[in-house]
1. With each run of n ≥ 4 DSSP H residues scored as -39500 (n - 2.57), what mean residue ellipticity at 222 nm is computed for the chain after dividing by its residue count and rounding to the nearest 500 deg cm²/dmol?
2. No solvent, one uniform scatterer per C-alpha: report log10 I(q)/I(0) for segment 19-128 via the Debye equation at q = 0.13, 0.15, 0.20 1/Å, two decimals.
3. What value in Å³ per residue do you get for the convex hull of the alpha-carbon atoms in segment 1-78?
4. If each Cα of segment 34-91 is one equal point scatterer, what is log10 of I(q)/I(0) from the Debye formula at q = 0.31 Å⁻¹?
5. If you take the charge dipole of the chain about its Cα centre, with +1 on Lys and Arg Cβ and -1 on Asp and Glu Cβ, which of THR95, ALA69, VAL59 is farthest toward its positive end?
6. Going by a ≥ b ≥ c, the root eigenvalues of the Cα gyration tensor, does segment 123-197 fall in the rounded group (a/c under 1.5), the prolate group (a/b larger than b/c) or the oblate group?
7. Can you list, bin by bin at 5 Å, the percent of alpha carbon pairs in segment 194-258, starting at 0?
8. Across 10 Å bins from 0, what is the distribution of all Cα-Cα pair distances for segment 71-152, in whole percents?
Amino acid sequence: MDNKTIYILAIESSCDDTSAAVLCGNRTLSNIVATQKIHEEYGGVVPELASRAHQQNIVPVVHQALAKANIDKKQLSAIAFTRGPGLMGSLLVGTSFAKSLSLGLGIPLIEVNHMQAHILSHFIEEENYKMPSFPFLAMTISGGHTQVVLVKDYFDMEILGESLDDAVGEAYDKSAKILGLPYPGGPLVDKYAQLGNPKAFPFPKPKVDGLNFSFSGLKTSILYFIQRETKNNPNFIAENLNDICASIQYTIINILMDKIKKAVKQTGITHIAIGGGVSANSGIRQALKKAEEKWGWTTYIPKFEYCTDNAAMIGIVGYLKYKEMDFVDQSITAKARYVIE
Ligand code: KG4
Ligand code: ZN
């Protein structure tokens, strides 16, 4: 089989981004993402609105992906789609679309686990990008998940630890909401954090055994802190925004780095990859670069395009499964809870 003639159309619709991509072998030809703005005014993702927006976006987004790749749908080898985990209504839109198109075109259908895709996005071929070799540790940090995963092979993964409550992206977004910042607040906290003093306001770090995480206590302590300070000074947030954000970021990055250090100690593996929306964060990217110099780790940090939800990462899994002829039939259904293994 010649990789140059394998064209995969990939669809991602698990949360609030409608995305379609075309891959040729392990290279991205197009990766279109329509981010739904509607949720901003509600301060978080509204599932019903998300699925409606996916329905409106999916056809134009797929058209755009094919056009940008300069590929006719008749040239496609297979269709890959996100089966889960995610919001059921949102997943159903992508799943139904992919099933119908595969039936219409008479080409294979490939189901993809979204969390596995965040990890396997490191296998998209890019100029000057070295792919990880097995085994390696992956930390998936997103709006819905926080996991430390031992990656033994493409489809042989073991979750070593995960969040017992809020995901790290949720901690960012909820802290941002307390500060009056719009959704999703993670990138804004990151932006202001770079201008502030990370040691200005110390926040407690949770004590969680093993490689599991907990972020809900941090959110509560930030809430109480802000309530206390604004009682004394109503302008407290505006006057200290950079320092507050830097202090939140410092605490979160310390929590993540502590766990990854523990995972390295436990497994002896020093090859670390990150994935998911929070891997776009400047703090975690810098901390990992420092760890490379200090402890000789090898770190794999995705391009910004592949950090937040996108269909190219679904496409690379599609390509890897296509080579194994790992296809599904029309009886496949979406899976809101879908654990990687
Ligand atoms: O992977 P993703 O796009 O969607 C999920 O699968 O959840 O991750 C979205 C999350 C949001 O919580 C968003 O605030 C966070 O990633 N995020 C960031 C940054 N960019 C995105 N958090 C901190 N710093 C960033 N630069
Ligand atoms: Zn994601």
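Just so you know, all these numbers are worked out from the coordinates, no wet-lab data involved. Since the structure is predicted, the reported quantities are computational estimates derived from the model, not experimental observations. Because the Cβ atoms are built from the backbone with ideal geometry, glycine has one as well, and the counts that use them run over all protein chains shown.
1. Result for the chain, helices only: -14000 deg cm²/dmol.
2. Log10 I(q)/I(0), no solvent term: -0.53, -0.70, -1.21.
3. Spread over its residues, the Cα hull of segment 1-78 gives 88 Å³ apiece.
4. -1.26
5. ALA69
6. Oblate, because a/c is 1.5 or more while a/b does not exceed b/c.
7. 3, 17, 26, 24, 16, 8, 4, 1, 0
8. Here the calculated profile for segment 71-152 is 15, 36, 33, 16.
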